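The values are calculated or read from the model by the stated rules, or taken from the named source; none is laboratory data. As the structure is a prediction and not an experimental result, all values here were calculated from the model. Glycine also receives a Cβ, built like all others from the backbone with ideal geometry; neighbour counts cover every protein chain displayed. Note: areas computed on protein heavy atoms with side chains; ligands, DNA, RNA excluded. Shrake-Rupley method; radii C 1.70, N 1.55, O 1.52, S 1.80 Å.
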Amino acid sequence: MYREAVASYNVAFPDQLLVAQYGSHLNILQVHVPDDQACNFSDNDALCVLLHNRILLDWVDHAYTYGMVYLEQQFHSPTMSLDIFREVDDECIEHLSRYSTPPTILHWDGWREMTEDDHYCLMFK
């Protein structure tokens with residue numbers, strides 16, 4: 001879905017193609033949606049946030065594995081709607097058959113606990 005949104009964006013704005021943010025500091029704005037409005041947050045809203053923050057396809061592809069693990073964990077929790085999981089799973093299977101498994105960004109692989117400095121940077125800088 002995001003792949004198509006990026007292609008449409010690039011066609012609509014050929015003078016402002018989606019390009020990566022570079023440098024030691026990236027400007028990514030967090031979305032705050034009140035709990036009572038979360039059900040109104042659509043796929044299109046999420047796509048607009050990704051585009052606005054200039055999130056590249058490579059970044060989304062890299063997050064694929066994390067997203068699947070997260071969904072699998074949620075599937076086994078009592079709060080996960082089986083209907084929502086099936087819908088997402090069907091969409092995932094369709095995209096995998098169309099695009100294959102997304103590549104990862106090798107130097108981003110691996111996981112570590114957040115340090116106090118990481119937390120400070122995220123909260124106050």
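Take region 108-118 and flag every residue that is modelled with pLDDT of 80 or more and outside any loop (DSSP other than H, G, I, E, B).
Going through region 108-118, the residues modelled with pLDDT of 80 or more turn out to be 115-118.
Within region 108-118, Glu116, Asp117, Asp118 qualify.
Evaluated against (1) more than 28 Å from Met123 (Cβ to Cβ); (2) surrounded by 11 or more Cβ atoms within 10 Å (Cβ to Cβ), Thr104 falls short on exactly one condition, (1). Restricting the first member to region 80-100 and to residues that are free of Cβ contacts under 8 Å to residues at least 40 places away in the same chain, and the second to residues that are open to solvent by less than 70 Å² (accessible area, probe 1.4 Å), the beta-carbon pairs closer than 6 Å and six or more apart or on different chains are Met80/Gln74.
Does Asp35 qualify as being under 24 Å from Glu4 (Cβ atoms) and not β-branched (Val, Ile, Thr)? Taking the combined requirement at face value, the residue does not satisfy it. Among the residues of region 62-93, those identified as within 18 Å of Tyr2 (Cα to Cα) and open to solvent by 90 Å² or more (accessible area, probe 1.4 Å) are Tyr66, Glu87, Asp90, Ile93.
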